[in-house]
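This report refers to the structure that appears directly beneath it.
The values are calculated or read from the model by the stated rules, or taken from the named source; none is laboratory data. Everything quoted here is computed from the prediction, not taken from an experiment. Neighbour counts run over all protein chains shown; Cβ positions are idealised from the backbone, glycine included. SASA here: full protein model, heavy atoms, side chains in, ligands and nucleic acids out. Shrake-Rupley method; radii C 1.70, N 1.55, O 1.52, S 1.80 Å.
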Amino acid sequence: MKNSPPENFLLFFRWFCHPKLKDSIEGDLIELYNEKIKINGKLKADWKFRMDVLLLFRPGIIKSTTESTHSNHFDMIKSYFKMTLRSLMKNKGYSFINIIGLSTGIAVAILVGLWMKDELSFDSYFSNHESIAEVMVVQSNEGQSSTGTTISSMIADPLQTKYGSDFQSMSLASYESEYFMSVEDRMLSSTGMSVQKSFPEMFTLNMIQGTRGALSDPSTMLISMSLSKSLFGEANPINKTIRLNNKFDMTIGGVFEDFPNNTTFSNTKFLLPWEHPDNYNNSITEWRNHHCLMFVQLEDPANINEVIEKIKGLPMPYITGWKEELTLQPLDRLHLYNEFKEGKSVNGRIELVWMLGIIGGFILLLACINFMNLSTARSEKRAKEVGIRKTIGSVRSQLISQFLVESIVVAMISLMVAMMLVQLSLPFFNSIANKKMTILWSEPFFWFLILGFALFAGILSGSYPAFYLSSFKPIKVLKGTFKSGSMAALPRKILVVLQFTVSVTLIIGTTIIFKQIEYAKDRPVGYSREGLITVRVNTDELRDHYDVVRHEILQTGVIENVASSSQSPAHFRNNNSIDWQGKDPALTIFFRNVNVSSDFGKTIGWKIIEGRDFSGEILSDSSAVIFNKSAIDAMHLEAPLGQVIKFRDKEYTIVGITDDMLTQSPYDPLEPSFFIMKKSKSVIVLRIRQDISPQEAFATIEPIFKKHNPSAPFVYNFVDLEYGKKFADEQRVANLATAFALLAIFISCLGLSGLASFVAEQRTKEIGIRKVMGASVTNLWKLLSKDFVILVIVSCAISVPIASHYLEKWLMKYKYHTDISWWVLFSTCLGALIITLLTVSYQSLKAAIANPVKSLRSE
């Protein structure tokens, strides 16, 4: 009985014990039995004897086996876990690759999920968020329209009078402004806004102390909890006084919970009553002057389109020169749908949300592909296991269950590792995404979701290996005739191609995003930002002593020039129309208008291309105006110098034309602008000498500001940093895309490394024979690396047209944009090939330099 394999006897045993399994086993049994007879005729009597013995005791065996089957379901499941852990410990390298790959994919999916939840729940902090909307204006002229949030405060009264029944409440609000606050010896700057008394109730402020109705008193304000602690510590601030801008005092009537980061008012730390003394909005009575915001709470949010139809024509009787209509944008869409076409919100940030969601899903898919690839690649190693288990009676469903349990266990281990990765990486992710997200430890739905997520990932990852491995025929496996064949590797090749298609597409996309940002940053701005700083004029003392401050600063020698302006050079806000001789009455052009001192141009370094700059020596320059080139082109003036324009009922003479300055979005066309000399000193602009460091300059000029403005701290801004904020959204997208692209490459390389190791292991004997026959290490390296290089080339061929198509559409959103250069596509594909070779070369070279004697003995 020396040559009688025990697994064959067990096959007979299971056949006799379980008649129901007869059909599934009998064919293999007979074939195996006949095969043994052909090999050794002496075995015939032995096998016949075993069959006779089993027939004799068959009834009792059937009974005991059946009872055991019913009582050991738990033991069977327990054994699955034991076998899983043994398999993981036995194959530590492959287990490490699987767990790290899956945990990275799950961690990315969790981070993206937290980010998407934060974005999709924007402004849901407010209880009435579903019924609140912002009033917006749609301005049309010569077939072009623009939609904006800035309205005239004159809209409020007729809107309430004519259509008050459609709204529960309304509130005007100013733009956020920075105020300097002082309480005894404490001074700080904070950001707030002026609102009407209905605002706190409409937005359901969570009051910690005081009441929402405190703004009914024009001398009372509401402050956030963080501002209260900064000013008063743990003391009760109610009824205490704060001095604002060293100009007027306000009494604290209430403390509200700070607005979350994912709300429209996240930077708002205090609320002033609309009627407070410093709110200049109250003094504006012109319909054409758009200067504030307005929010409304609808009686029935479902009828918002009907309400829009009612109110849209409200401004028309009061506006001449252009067509202006009102519209409403629901608060729930304000953040995500911020792009408009003909007065309708079409898309916007929501595209970014879904894009990153898809990327996160693809990265998880890459991790699942790694698991599937490595599991199927190692199937031949487990073929005998499957064959023996089938021989002793395991049905296919049991095998599928075991392999699915293995993948689910790996997924759960990966989930635990992923949670640690999320906890460690969340601060970094928040800094990139400009968020304040936290893991939702206490929310049952979060745990239900991620556990279900891991379970789904485990089933998805293990489904193909489970069904593939369980399909092996035991007779072929045990006879040693099982071969996976060339077609068995085809699914793995397809999955590798999919992995690198996603990875290469992400890299191309990231590169183009950065290229677009750099293209916009390199756009000529028309002035010099280097060494340029601004100091906001925040008190009457500084405004009244401006000339003295300027003189003393210039005397220090660390500052080249000083000027004043109504706005920072980094961003012009005002937008108005003007009249000139020969103008078409139907034509309306909006100009950015800035009030400046005579030294403004010299300080910022603008370029006069025609005429002259302002001069403090010429008294008539108080009625002079300088236009930029875009403005002259839009006005179609042929000899502009000396011509007269009319702005707000005053005439100005054109004395100069400056080159265009980029002060708005760097992705949009340059806008018409003009500059007049007027005593509006909101910002002091200073240029530091090139040979002086900023630290030395600030140490020199700060005492001068403190001397003439002792009630406020010295706060400054670099113009180049202000300008850089214009790229913030695109920069965040680029940083996130870069992080995801690197993770995608990392996961893909993990899979390649595992597959390369497996291929080298499978071809150990072949490599040994080739080395004995004289093959060089280089030839063997080429042999083992060739297939992977071909797969990556195929991936590049697929990803390049896909990436080009979608990136072209993305770039067309910007009127000023770069192009997709061939070198970007080529260098990305070349980089993918280099990364592939570096990844697989270690395993290839390791196999190529191995001792062929050991390789040939491995059998």
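Number of residues in region 130-165 that are acidic (Asp, Glu), open to solvent by 30 Å² or more (accessible area, probe 1.4 Å) and either within 12 Å of Leu326 (Cα to Cα) or in contact with a helix residue (DSSP H, G or I) (Cβ under 7 Å, 6 or more places away or on another chain) (or both): the value is 1. Give region 280-292 a look and list any residue that's open to solvent by 20 Å² or more (accessible area, probe 1.4 Å) and either outside any loop (DSSP other than H, G, I, E, B) or in contact with a Pro (Cβ under 9 Å, 6 or more places away or on another chain) (or both), or say none. Once the filter is applied, which keeps residues that are open to solvent by 20 Å² or more (accessible area, probe 1.4 Å) and either outside any loop (DSSP other than H, G, I, E, B) or in contact with a Pro (Cβ under 9 Å, 6 or more places away or on another chain) (or both), region 280-292 yields Tyr280, Asn282, Ser283, Trp287. Regarding Leu364, is this residue at pLDDT below 85, within 35 Å of the chain's Cα centre (by Cα) and surrounded by 14 or more Cβ atoms within 10 Å (Cβ to Cβ)? Yes; evaluated as a whole, the condition is true for this residue.
Residues of region 666-710 that are under 16 Å from His545 (Cα atoms), in a loop (DSSP other than H, G, I, E, B) and open to solvent by less than 70 Å² (accessible area, probe 1.4 Å): Ser680, Lys681, Ser682, Asn709.
Would you say Gly105 is closer than 24 Å to Leu424 by Cβ, assigned to a helix (DSSP H, G or I) and modelled with pLDDT under 85? Criteria not met by Gly105. Here Pro713 clears all of (1) assigned to a helix (DSSP H, G or I); (2) of a type outside the set (Val, Ile, Thr); (3) surrounded by fewer than 18 Cβ atoms within 10 Å (Cβ to Cβ) except the condition numbered (1). Residues that are open to solvent by 80 Å² or more (accessible area, probe 1.4 Å) and aliphatic (A, V, I, L, M) were ranked within region 408-450; the one that is farthest from Thr104 (Cα to Cα) is Leu449.
For beta carbons closer than 8 Å, sequence separation of 6+ or different chains, a first residue in region 708-735 that is at negative phi and a second that is of a type in the set (Val, Ile, Thr) and open to solvent by 50 Å² or more (accessible area, probe 1.4 Å), the qualifying pairs are His708/Val548. Selection of region 301-356 for residues being farther than 25 Å from Ser127 by Cα, part of a helix (DSSP H, G or I) and not acidic (Asp, Glu) yields Lys310, Ile311, Met316, Pro317, Tyr318, Leu352, Trp354, Met355, Leu356. What's the number of the condition Phe746 fails, among (1) open to solvent by less than 70 Å² (accessible area, probe 1.4 Å); (2) in a helix (DSSP H, G or I)? Phe746 satisfies all of (1) open to solvent by less than 70 Å² (accessible area, probe 1.4 Å); (2) in a helix (DSSP H, G or I) except (1).
Candidates in region 390-405 are the residues that are open to solvent by less than 20 Å² (accessible area, probe 1.4 Å) and assigned to a helix (DSSP H, G or I); of these, the one that is modelled with the lowest pLDDT is Thr391. Against the test of being open to solvent by less than 50 Å² (accessible area, probe 1.4 Å), modelled with pLDDT under 85 and of a type in the set (A, V, I, L, M), the options Leu111, Leu85, Leu43, Leu56 yield a single qualifying residue, Leu43. When you scan region 597-610, do you find a residue that is free of Cβ contacts under 8 Å to residues at least 40 places away in the same chain and touching a Lys or Arg at 6+ places or on another chain (Cβ under 9 Å), even just one? Looking for residues that are free of Cβ contacts under 8 Å to residues at least 40 places away in the same chain and touching a Lys or Arg at 6+ places or on another chain (Cβ under 9 Å), one finds at least one in region 597-610, hence yes. Within region 326-367, the set of residues being touching a residue at least 12 places away in the same chain (Cβ under 8 Å) and of a type in the set (Phe, Trp, Tyr) comprises Tyr337, Phe340, Phe362. Within region 584-596, how many residues are charged (D, E, K, R) and either crowded, with 18+ Cβ neighbours inside 10 Å or within 29 Å of Val525 (Cα to Cα) (or both)? The number of residues fulfilling the criteria is 1.
Could you list, in sequence order, the residues of region 635-647 that are open to solvent by 30 Å² or more (accessible area, probe 1.4 Å) and aliphatic (A, V, I, L, M)? Listed by number, the residues that qualify are Ala639, Leu641, Val644. Figure legend. Inter-residue proximity from region 170-184: first residues free of Cβ contacts under 8 Å to residues at least 60 places away in the same chain, second residues part of a strand (DSSP E or B) and surrounded by fewer than 16 Cβ atoms within 10 Å (Cβ to Cβ), beta-carbon distance below 8 Å, spacing 6+ or different chains. Indicated pairs: Ser177/Thr191. Here's a check for you: in region 522-575, which residue that is assigned to a loop (DSSP other than H, G, I, E, B) and acidic (Asp, Glu) is least open to solvent (accessible area, probe 1.4 Å)? If we take residues in region 522-575 being assigned to a loop (DSSP other than H, G, I, E, B) and acidic (Asp, Glu), then Asp522 is least open to solvent (accessible area, probe 1.4 Å). In region 597-634, of all residues being in a strand (DSSP E or B) and aliphatic (A, V, I, L, M), the one that is most open to solvent (accessible area, probe 1.4 Å) corresponds to Ile609.
Taken over region 301-325, the criterion of being more than 19 Å from Thr150 (Cα to Cα), open to solvent by 70 Å² or more (accessible area, probe 1.4 Å) and in contact (Cβ under 8 Å) with a residue 40 or more places away in the chain is satisfied by Lys310 alone.
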